[in-house]
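Some notes on the structure that comes next.
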Amino acid sequence: MTRRALLDDAVDQLTAAGVEGPRRSAEWIIEDATGATRAEIYARPDVVVEPAEAALVARYVTRRATGEPVQYVLGHTNFYGLHISLTPDVLIPRPETEEVVERALRHVGEAPWVLDIGTGSGAIALALKHARPAAEVFAVDVSAAALEVASGNAQHLGLEVTFVRADALRPSFADEVPPTFDLIVSNPPYVPEAEKADLQLEVGHEPDTALFVSDSDPLVFYRALAGHASRLLRPGGWVVAETHADHGQAVGALWRAAGLVEVEVHADLSGRDRIAIGRRAD
C-alpha cells in the first residue's frame, strides 16, 4: 500500500466515524507509524509502506475512530517544543497552556523557585525547567499514576524536577512542600460537572479528576491557590493559572479579595479570558 492510499483510507474511516479533524489525525498517525514527515507524505505519495507499518496505522485508526484522542493513541504529544509522553492518567496539554508558560516566564528571573500545582504529565514544570535551567522546580499532583508519567517525562528529557504527591485542597498542603517560591503556576481542574455532557467525545477519555469541579464551587482550586500564595510565595512572588473562559474575571476578583495585587486576567489567542496572574504584596 502506498502512502497516498494509506492516507486516503485512514481519512475515509475517520470521517465515517465522525472524528473531528480526520485528515490531521490521519497525518499524525501515519507520521508516527512510518517515520515520514507530513511534507514527505505529500511530496512522495507513491512510496510503498511496509506491511508492519500499515498494520500499525490500521490499529491506530481503529482506536482513533472510537473517539480516543490521537495523543493517547500515539502515547505522546508536543508541548512547548518538548516531547511529552502521555497516558489516560493525565490530561492532554493544550496550546493555551503554552501561553500559561509564556506568562509565567515573564515574571521570573534566571534561577527561580517554582511550584507547579496539579502537574499531570509534568508539561508545565518541564517547560519551565527547560526554559530556566537554573530553576528549582517542584511539581505536585494528587495522582500517583500522573506523577509516574511526569517523572518518566523528566527522566526522558533529562530535566531535574522534584515531584511530590500532595492534595492542593488539603489544609496541610503547605506543610508538604518546601517554602518559599518565586512562582506558583497551575492548570487546575476548572470545568463544572454540569458541562460534562456538552464536551467533545474525546474529552471523555481524559481523567475526570484533572478536569471537573463541583458545580457548587467551580472556583475551589483558585481559592486554594490564593491561600497557598499567601503561605508559600515569597513577598513579590507571582501566581499564574489557567482558568475556565467563563470564570476568568471571577478568579481575578477572588484573588484581589484575597489580598493579591497586580491581578490581571489575560485572553488567550482566541480572545477568551484564560490566564489569571497575581502577585503577593511586598
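The values are calculated or read from the model by the stated rules, or taken from the named source; none is laboratory data. None of these values were measured; they are calculated from a predicted model. No Cβ is skipped: glycine too gets one built from the backbone with ideal geometry, and neighbour counts run over all protein chains shown.
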Worksheet item: Right, residue 259: at positive phi, assigned to a loop (DSSP other than H, G, I, E, B) and either touching a residue at least 12 places away in the same chain (Cβ under 8 Å) or among the basic types (Lys, Arg) (or both) or not?
Response: yes
Worksheet entry | The lone exception for residue 80 - which of (1) of a type in the set (Ser, Thr, Tyr); (2) on the phi > 0 side of the Ramachandran plot; (3) out of contact with any helix residue (DSSP H, G or I) (no Cβ under 8 Å at 6 or more places or on another chain) it fails | (3)
Response to the item:
Note: among 236, 227, just one is outside any helix (DSSP H, G or I) and in the same structural domain as residue 262 (by TED's automatic domain parsing), namely 236
Item to complete: Pick out the one residue from 134, 127, 145 that is outside any loop (DSSP other than H, G, I, E, B), hydrophobic (A, V, I, L, M, F, W, C) and exposed (fewer than 15 other Cβ atoms within 10 Å of the Cβ).
Response: 145
Practice prompt. Answer yes or no as to whether residue 50 is more than 24 Å from residue 199 (Cα to Cα), without any contact (Cβ under 8 Å) to a residue 24 or more places away in the chain, of a type in the set (D, E, K, R) and in the same structural domain as residue 237 (by TED's automatic domain parsing).
Written response: no
Item to complete: Go through segment 203-240 residue by residue and tally those that are surrounded by 18 or more Cβ atoms within 10 Å (Cβ to Cβ) and of a type in the set (Asp, Glu).
Response: 1
Worksheet item: Restricting to segment 189-214, what's the tally of residues that are over 30 Å from residue 18 (Cα atoms) and either touching a residue at least 24 places away in the same chain (Cβ under 8 Å) or touching a Pro at 6+ places or on another chain (Cβ under 7 Å) (or both)?
Response: 0
Worksheet item: Any idea which residue in segment 73-109 is farthest from the chain's Cα centre (by Cα), counting only those that are under 21 Å from residue 56 (Cα atoms) and either assigned to a loop (DSSP other than H, G, I, E, B) or aromatic (Phe, Trp, Tyr) (or both)?
Response: 75
Item to complete: Any residue in segment 87-113 that's without any contact (Cβ under 8 Å) to a residue 60 or more places away in the chain and closer than 21 Å to residue 233 by Cβ: show its pairings with residues that are surrounded by fewer than 16 Cβ atoms within 10 Å (Cβ to Cβ) and acidic (Asp, Glu) at Cβ separation under 8 Å, as long as the two are six or more apart or on different chains.
Response: none
Item to complete: Name every residue in segment 53-67 that is among the small types (Gly, Ala, Ser), assigned to a helix (DSSP H, G or I) and surrounded by fewer than 18 Cβ atoms within 10 Å (Cβ to Cβ), in order of residue number.
Response: 55, 58
Worksheet item: Among the residues of segment 110-123, is there at least one that is under 22 Å from residue 221 (Cα atoms), part of a helix (DSSP H, G or I) and either among the polar types (S, T, N, Q) or more than 11 Å from the chain's Cα centre (by Cα) (or both)?
Response: no
Discussion item. Quick check on segment 164-187: of everything there that is in a loop (DSSP other than H, G, I, E, B), modelled with pLDDT of 95 or more and in contact with a Gly (Cβ under 9 Å, 6 or more places away or on another chain), which residue is nearest to residue 276 (Cα to Cα)?
Written reply: 187
